[in-house]
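**Q** Sharing a structure here in structure tokens format.
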Amino acid sequence: MKMKTLFLLMFFCFIGQNLMAQITGKVIDASTNQALEYATVALYKKQDSVLVTGVITELDGSFKIPNIKAGRYYLEASFLGYTTKTISPVLLSKKGERLSLGAIQLTLGNQLNEVVVQAERLAVVHKIDRQVFDTKKYQNSEGGSAVDVVKNLPSVTLNGQGEISVRGSQGFSVLVNGKPTQGDASAILAQLPANGLESVELITAPSSKYDPEGKGGILNIITKKGAINGTYTQLNVRGGFPSIEEYNTKEAAQRYGIDATLNKRTDKWNFSLGASYQRNDKTGRREGDMYIVNEAENKITFLPSDGERSFDEVSYNGRFNVDYTPNKNNSYSVGFFAGKHTKDRLADIVYYDNHAIAPIESDSRLYTFTYYNHNLRTRKGDFALGSFDYEHKFTNESKLAASILYEYTFLGGPTENDNLGYPDNNIVYQQEYNTNDNPLYGTRFNLDYTFKPFTFGTVETGYQYRNLDHTGEFVYQRDGVLVPEFSSDVSLNRTIHSGYAQLTGADKKWDYAAGLRIESMDREYEESLKSEISPNSYKYDFVKLFPSASLQFKINDKTKLKTAYSKRVERTTTFKMNSFAEREHSEVFEQGDNKLEPEFIDLVEVGITKKLKQGNSFFATAYYRGVENVINRVNVLAYQENGAVIDTIINRVYSNVGKSNSYGLEIGATIKPTKNWTNFIGANVYSYKINGVLNFNHRDGVARTYGINSKATIYSVNLNSTYNFWQNASAQFSFNYLSDRNTAMGEDSRFYSPNLTLRKSFLDNKLTATLQWQNIDMGLLNTNEQRITTSRPGKFYTTTNYRYEVDMVSLNLSYTFNATKNKSKFIDSEFGKREF
């Protein structure tokens, strides 16, 4: 009886909703027929001009206004830079009517006049599954890269090693214009010029239509788009001033770059050509201390150290893309990319008081020894890839899309590790050299179909195939002689098949989405020493479901509530699985785990958004993230083949260490004290706990088993304050702060960076000059400095303080021809950058 009553209630609710009228349409550019995403559509009562409701257009320019009562209305469609178009009257004469307004064409207007009469664009727009941030609000990023943009977003942090985290996790995916990449997130963002970005979408609980990789969610980078035919050209030049603070480095840091984009568009064709050269050096110091306990010999060894730690990074590439749209129903796109990326990390360290004490509780030194370690690690990557995309729109508004990408990447680069005398560097104690050749082949194919079988929702379905074939040959030499027990061959092959189905819809009060993705993964990893005849093979596979759901409720025009759930996975890389040691530093061997398992993640969030008066706004989101098979970089004791402790070396390994849980609250607010002064502040505070056991069994035959139990409260704050002196001049101050945070075996210290930017436009806004003062310190603040500590009581203790360059001043010049005509888009690395 209860089921019958529930069924009748649901039935009448459904019938009631469908008795209401509905208005649909599409907003496009009048001259090119291109869809205008994020255009505003507002419906007013004809009688008294009272606003009834408003919506934002989708990616294809379409909009839907549901649940409208019968009556007389008029509709206004508007978009920044375009003349507002009014459609009047809009007559709804009966219940349940489905009125289609077709294509609403907007014409480009006088942009300067439009800026004067239109309201200021919001810094952040909240949608059911994402937050959309306007990159123009972050002037301190101009002339830089996408990294300089995203580090200002709430819950996004940048640490001293240049690693980006979302809600405390470095595992997140990057999309470029909605298309997936599989490179290292920081490397991808570092190669995207900030000048070319329109917005950044933060998707913290992605739906099932996206690849489920990334425990922190997704950053979708939207590049600038134009809408009219013609030729667009943008040229950006950047130059850094000499370093202010000296770090006693061998070479001075160099920072300069140039990038250009050329875009030619006609009614059917769109050609994009781009090239970039960037030099981004960073100087600094590395101050360390370490001790290792040898219980078997009742002694303890100390290795204090100090020296240079600098990075030289050079990247140059060329890109070409062509789009062909023969008619409104079909479009084709072909893209090519080729480039080189080199990153040298120099760590020239003096171990100034290396000594051992025995017995442990005494002050009796066995020896005292000082030496100099030259350590240069070069990482190179040559990329070449191509892609083809096709999309067909049917007359019933359904859509079929297909995409294929093929990538070849050559990764490699040697590590030099020389232990020399000090102060006489001509004395050679030991010289080690290891290199690797890592060709990578990657393929990705997508097929997606979207249709609308119901009035209350759209169905999206798709299939994806991905394959990665990554091999590596590692050669290890000591004093010019091959060391076969450390020279190896490795190979990783990973094949993924996945399919998904998802329903999305909306009415006057509710937005909803629910989907399910099924994925099958087969992974085979092989490795062998040069001295071995046949390789050892390690297989891992799974078939898993990845569900997702999102729900948003509109309380009124200013307040919304939302909740979401998403199942995710964080896959392993070849680098983290290679179990053969590499000499990272004089006192560090670095290696992976050949049986490493992927992480599986559950994400849940509940939030509220609130618009206030005079452009002020507020949002808050509470979230939970649970991770199985947590992968952490941990330190363990190193042993010789006979089982004896190596007194002067720690093993740094990647391993599954158990489970982690994060409970957090993310808040953000836009505050405008005056018309010319805008502040955006975001903060994230969460409790992070790791619990489990580290079991590390290596070929030395000694098993390491350590209990892992770490818990801490972590927070971060990002502040962005902008004052506009007049229409084309402004100053912006930003401050990024990350608190102390726990790891599986230690702690990373706080890290913060204040920055100041002065911006001025000339020549009718075609030329923009940006003067940046990054990492403000003036010898007072300990800016851009971070300490990393790990320990195991009674076993070892390591602490290293990294001090990177402060008070960096640079000038960026950007000149744009035909700024409204940019429609350029480029492909990016799918596989290789992740391994880089």
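**Q** Using +1 at the C-beta of Lys and Arg and -1 at the C-beta of Asp and Glu, which of 335, 324, 357 has the Cα lying farthest in the positive direction of the dipole of the stretch 323-363?
**A** Towards the positive end, the residue furthest out is 324.
**Q** Residue 94 to residue 602: extension gain in nm, 0.36 nm per residue of separation minus the Cα-Cα distance?
**A** Result: 178.3 nm gained on full extension.
**Q** I've got another one for you. Does anyone have the angle between helix 2-18 and the longest principal axis of the chain? Alpha-carbon axes, 0 to 90°, nearest 10?
**A** In the chain, helix 2-18 runs at an angle near 60 degrees to the longest axis.
**Q** How large, in Å, is the chain by the Kirkwood hydrodynamic radius built from its alpha-carbon pairs?
**A** For the chain, inverting the mean 1/r across all distinct Cα pairs yields 29.1 Å.
**Q** Same structure, new question: Which trypsin sites (Lys or Arg not before Pro) in the stretch 256-347 sit in a loop by DSSP (not H, G, I, E or B) and have at most 15 other Cβ atoms within 10 Å of their own Cβ?
**A** In loop regions of the stretch 256-347 (DSSP not H, G, I, E or B), the sparsely surrounded trypsin sites (Lys or Arg not before Pro) are 268, 328.
**Q** Calculate, for residue 791 and residue 328, the FRET efficiency according to 1/(1 + (r/R0)^6) with r their C-beta to C-beta distance and R0 56 Å; round to the nearest 0.05.
**A** Between residue 791 and residue 328 the formula returns 0.30.
**Q** Would you grab the residues whose amide H sits under 5 Å from the one on residue 53? Only those 5+ places off in sequence or on another chain, please, with H modelled 1.01 Å from N.
**A** Long-range HN contacts for residue 53: 43.
**Q** Applying the Karplus parametrisation 6.51 cos²θ - 1.76 cosθ + 1.60 with θ = phi - 60° to the phi angles of the stretch 590-605, what ³J(HN,Hα) value in whole Hz is obtained for each residue in order, glycine and proline being reported as x?
**A** Along the stretch 590-605, the couplings run 10, 7, x, 10, 5, 10, 4, 9, x, 8, 10, 10, 10, 10, 9, 8 Hz.
**Q** For the cross-link pairs 64/264; 64/393; 380/530; 452/558, which exceed 21 Å when the distance is taken from alpha carbon to alpha carbon?
**A** 64/264; 380/530; 452/558, as the Cα separations exceed 21 Å there.
**Q** What ranking of 333, 716 emerges when the number of other C-beta atoms within 10 Å of each C-beta is taken as an exposure proxy, fewest first?
**A** Lowest count first: 333, 716.
**Q** To continue, here is another question. Amide H of residue 214: which non-local residues (sequence gap of 5 or more, or other chain) have their own amide H closer than 5 Å, using H built in the peptide plane?
**A** 569, 570, 571
**Q** Would you work out which of 23, 274, 189 lies farthest towards the positive end of the dipole of the chain? Charges go on Cβ: Lys and Arg +1, Asp and Glu -1.
**A** 23
**Q** Just to check I understand the Karplus step: with θ = phi - 60° and J = 6.51 cos²θ - 1.76 cosθ + 1.60, what whole-Hz values come out for the stretch 732-745, glycine and proline as x?
**A** Per residue, the Karplus-derived 3J(HN,Hα) values read 9, 10, 10, 9, 10, 10, 10, 7, 4, 8, 8, 10, 4, 10 Hz.
**Q** Roughly how many debye, to the nearest 20, is the charge dipole of the chain about its Cα centre, given +1 on each Lys and Arg Cβ, -1 on each Asp and Glu Cβ, and no other charges?
**A** 5080 debye
**Q** OK, next. If a/c stays under 1.5 just call it rounded; otherwise compare a/b with b/c (prolate if a/b is bigger, oblate if not). Do that for the stretch 537-628, with a ≥ b ≥ c from the square roots of the Cα gyration tensor eigenvalues.
**A** Oblate is the answer for the stretch 537-628, as a/c is 1.5 or above yet b/c matches or exceeds a/b.
**Q** If you keep only loop residues by DSSP, which chymotrypsin sites (Phe, Trp or Tyr not before Pro) in the stretch 350-409 have at most 12 other Cβ atoms within 10 Å of their Cβ?
**A** Answer by residue number: 394.
**Q** Count the DSSP beta bridges whose two residues both fall in the chain, then state the antiparallel fraction as a percent rounded to the nearest 5.
**A** Around 95 percent of the beta bridges assigned by DSSP in the chain are antiparallel ones.
**Q** Scan around residue 806 for amide H atoms under 5 Å from its own, H built in the peptide plane at 1.01 Å from N, and keep only partners 5 or more places away or cross-chain.
**A** 245
**Q** Hey, what number do you get for the chain at 222 nm if only DSSP H runs of n ≥ 4 count, each worth -39500 (n - 2.57), divided across all residues, to the nearest 500?
**A** It comes out at -1500 deg cm²/dmol, rounded to the nearest 500.
**Q** When the Karplus curve 6.51 cos²θ - 1.76 cosθ + 1.60 is applied with θ = phi - 60°, which whole-Hz ³J(HN,Hα) does each residue of the stretch 236-248 get, with x for Gly and Pro?
**A** Working through the residues one at a time gives 10, 10, 10, x, x, 6, x, 4, 7, 9, 8, 10, 6 Hz.
**Q** Where a Cα-Cα gap under 14 Å defines reach, which aspartates and glutamates qualify for residue 151, not counting those fewer than 8 residues away within the same chain?
**A** 134, 142, 163, 201
Only the coordinates and a few stated rules stand behind these numbers; no lab work does. Everything numeric here is computed off the predicted structure, so don't read it as measured data. With ideal geometry, Cβ positions are generated from the backbone for all residues, glycine too; neighbour counts draw on all protein chains shown.
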